[in-house]
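The values are calculated or read from the model by the stated rules, or taken from the named source; none is laboratory data. Since this is a predicted model, take the numbers as computed values, not measurements. Because the Cβ atoms are built from the backbone with ideal geometry, glycine has one as well, and the counts that use them run over all protein chains shown.
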Amino acid sequence: MSTKTLEQVESQFETFQILDENGKVVNEEAMPELSDEQLQELMKRMVYTRIWDQRAISLNRQGRLGFYAPVAGQEASMLGSQFALDKEDWILPGYRDVPQIVFQGLPLYQAFLWSRGHYEGGQMPDGLNVLFPQIIIGAQIIQTAGVALGLKRKGKENIALTYTGDGGASQGDFYEGMNFAGAYNAPAVFIVQNNRFAISVPVEKQSAAKTIAQKAVAAGIEGIQVDGMDVLAVYKATNDARKRALAGEGPTLIETLTYRYGPHTMAGDDPTRYRSSDLDDEWTKKDPLVRFRKFLEEKGLWDEEKENEVVEQAKADVKEAIKKADAAPKQKVTDLIGFMFEDLPANLREQMEQYTAKESK
């Protein structure tokens with residue numbers, strides 16, 4: 001009986017898709033109501049991010065950028081979901097989710113400073129409802145539940161949305177955050193970008209569940225599995241989840257099936273040790289940019305000239321942003337101490353005096 005019940009649950013989580021690998025519409029009824037200009041903007045953002053990612057990897061190898069987690073392959077999952085948000089919504093990102101917060105309003109040069117560990121990288125501009133990227137795996141899930149509940153209590157017509165990977169779904173914080181948000185009917189959306197390997201462990205070895213989406217059942221919230229290489233499907237799922245949250249229908253867990261083409265981070269990870277070339281080839285055929293490009297070209301909304309314009313703009317923006325990041329004041333120990341508290345406790349006052357003396361020499 002228990003096996004049959006489990007099979008019934010798992011059968012409900014079929015992968016939601018709008019565009020197939022060839023850019024053909026396979027789910028006409030689910031097509032989101034987006035204008036031609038919005039469709040083009042989605043493509044621009046994905047192309048821009050792919051070029052920015054390539055440049056960031058190069059900058060990291062040159063020693064000009066600090067911590068960096070490549071994003072190529074996950075553009076549809078990241079940008080399709082962010083595109084569904086209002087400017088007043090909150091984003092609580094993980095460390096790979098920098099593109100979403102840049103398109104939400106964070107200046108690119110500050111994203112580079114964050115990568116370098118510079119304090120200015122964590123100083124969000126006024127009016128930007130974004131927390132800086134979370135390094136602790138899954139911690140943002142609990143934070144999102146709290147932010148969403150705060151929005152509800154204040155009567156705000158906005159949601160809190162967060163991202164983690166399949167590895168984050170194995171953390172206790174993942175279950176606790178979803179359960180809390182569900183219990184209080186908070187306007188939260190939890191997106192798990194299932195790129196299959198967390199850092200290096202296959203998702204099949206992380207959980208006996210056939211989908212991550214089905215974990216929503218235990219929390220009593222909505223869950224959906226989406227083709228994360230299909231930007232229209234990701235947008236539609238996120239937009240629907242946002243509407244449900246604002247209508248008082250509670251949180252949603254969205255699992256996006258995606259793939260990162262590069263290493264987990266540029267800090268020494270070697271994906272060839274745990275991924276086969278055949279699997280890489282399989283997912284390359286599902287590339288979100290290729291798929292959406294074919295769709296737009298068929299509609300007469302995209303061509304090589306438009307793409308080249310975006311490529312050159314991205315190169316120029318990255319060049320300017322890294323130049324501005326290089327011009328930021330050198331970080332000092334006294335800066336870090338001074339930012340901790342409004343009124344320093346005795347031990348930090350003592351350290352402040354010591355480092356002020358050292359830095360004045």
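Condition check: in a helix (DSSP H, G or I) and buried (at least 21 other Cβ atoms within 10 Å of the Cβ). Does S77 satisfy that? Step through it out loud before you land on a result.
Details: in a helix (DSSP H, G or I): yes; buried (at least 21 other Cβ atoms within 10 Å of the Cβ): yes.
Judged against the criteria, S77 is a match.
What is the one condition in (1) in a loop (DSSP other than H, G, I, E, B); (2) of a type in the set (S, T, N, Q); (3) closer than 28 Å to V201 by Cβ that T164 does not satisfy?
Here T164 meets the rest and fails (1).
Rundown of residues vs (1) surrounded by fewer than 18 Cβ atoms within 10 Å (Cβ to Cβ); (2) in the same structural domain as L289 (by TED's automatic domain parsing); (3) of a type outside the set (A, V, I, L, M, F, W, C), yes/no style:
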residue: L19; (1), (2), (3): no, yes, no
residue: N22; (1), (2), (3): yes, yes, yes
residue: E28; (1), (2), (3): yes, yes, yes
residue: L34; (1), (2), (3): yes, yes, no
residue: Q38; (1), (2), (3): yes, yes, yes
residue: M43; (1), (2), (3): no, yes, no
residue: N60; (1), (2), (3): no, yes, yes
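Can you go through L348, L336 and tell me which one is outside the structural domain of G117 (by TED's automatic domain parsing), in contact with a Phe, Trp or Tyr (Cβ under 8 Å, 6 or more places away or on another chain) and either farther than 20 Å from R116 by Cβ or not in a helix (DSSP H, G or I) (or both)?
The conditions single out L348.
I'm trying to understand the selection: among the residues of segment 289-300, which are within 17 Å of Y48 (Cα to Cα) and hydrophobic (A, V, I, L, M, F, W, C)?
Selection gives L289, V290, F292, L296.
Just checking, does segment 10-21 include any residue being more than 27 Å from A218 (Cα to Cα), of a type outside the set (D, E, K, R) and in contact (Cβ under 8 Å) with a residue 12 or more places away in the chain? Break it down stepwise before answering.
Residues of segment 10-21 more than 27 Å from A218 (Cα to Cα): 18-21.
Next, only the ones that are of a type outside the set (D, E, K, R) stay: 18-19.
If we keep only those that are in contact (Cβ under 8 Å) with a residue 12 or more places away in the chain too, we end up with 18-19.
Scanning segment 10-21, I find at least one residue that is more than 27 Å from A218 (Cα to Cα), of a type outside the set (D, E, K, R) and in contact (Cβ under 8 Å) with a residue 12 or more places away in the chain, so the answer is yes.
Residues checked against (1) buried (at least 24 other Cβ atoms within 10 Å of the Cβ); (2) among the aliphatic types (A, V, I, L, M); (3) touching a Leu at 6+ places or on another chain (Cβ under 6 Å); (4) not assigned by TED's automatic domain parsing to the domain that holds M229:
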residue	(1), (2), (3), (4)
N158	no, no, yes, no
G167	no, no, no, no
D173	no, no, no, no
N179	no, no, no, no
G182	no, no, no, no
N185	no, no, no, no
F190	yes, no, yes, no
Q193	yes, no, no, no
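State whether one or more residues within segment 283-294 are out of contact with any strand residue (DSSP E or B) (no Cβ under 6 Å at 6 or more places or on another chain), surrounded by fewer than 17 Cβ atoms within 10 Å (Cβ to Cβ) and farther than 28 Å from I191 by Cα.
No.
List every residue pair whose Cβ atoms lie under 6 Å apart, where the two residues are 6 or more positions apart in sequence or sit on different chains, the first residue falls within segment 212-232 and is within 12 Å of I18 (Cβ to Cβ) and in the same structural domain as L19 (by TED's automatic domain parsing), and the second residue, located anywhere, is among the aromatic types (F, W, Y) and in a helix (DSSP H, G or I).
Pairs that qualify, where the first residue is within 12 Å of I18 (Cβ to Cβ) and in the same structural domain as L19 (by TED's automatic domain parsing) and the partner is among the aromatic types (F, W, Y) and in a helix (DSSP H, G or I), are V231/F292.
In segment 320-333, what residues are loosely packed, with under 12 Cβ neighbours inside 10 Å and assigned to a helix (DSSP H, G or I)?
Within segment 320-333, the first condition is being loosely packed, with under 12 Cβ neighbours inside 10 Å, and the residues that meet it are 323, 327, 329-330.
Within segment 320-333, K323 is the sole residue that qualifies.
Residue check: is W302 closer than 30 Å to Y235 by Cα and in a loop (DSSP other than H, G, I, E, B)? Give the steps one after another, and end with the answer.
Values: closer than 30 Å to Y235 by Cα: yes; in a loop (DSSP other than H, G, I, E, B): yes.
For W302, the condition - closer than 30 Å to Y235 by Cα and in a loop (DSSP other than H, G, I, E, B) - is met.
Restricting attention to segment 183-190, does a residue exist that is of a type in the set (V, I, T) and within 16 Å of K243 (Cα to Cα)? Write out each step before concluding.
Here is the first cut: in segment 183-190, the ones of a type in the set (V, I, T) are 189.
Subsequent filtering for residues that are within 16 Å of K243 (Cα to Cα) retains 189.
Yes, segment 183-190 contains a residue that is of a type in the set (V, I, T) and within 16 Å of K243 (Cα to Cα).
Just checking, which of I137, I142 is of a type in the set (A, V, I, L, M, F, W, C), assigned by TED's automatic domain parsing to the domain that holds T211, assigned to a loop (DSSP other than H, G, I, E, B) and over 17 Å from Q104 (Cβ atoms)?
Working: I142 fails: assigned to a loop (DSSP other than H, G, I, E, B).
Every option except I137 fails the conditions.
Tell me whether segment 3-26 contains one or more residues that are modelled with pLDDT of 95 or more and in a helix (DSSP H, G or I).
no
Only residues that are under 14 Å from A314 (Cβ atoms) and of a type in the set (S, T, Y): list them for segment 95-108, please.
none
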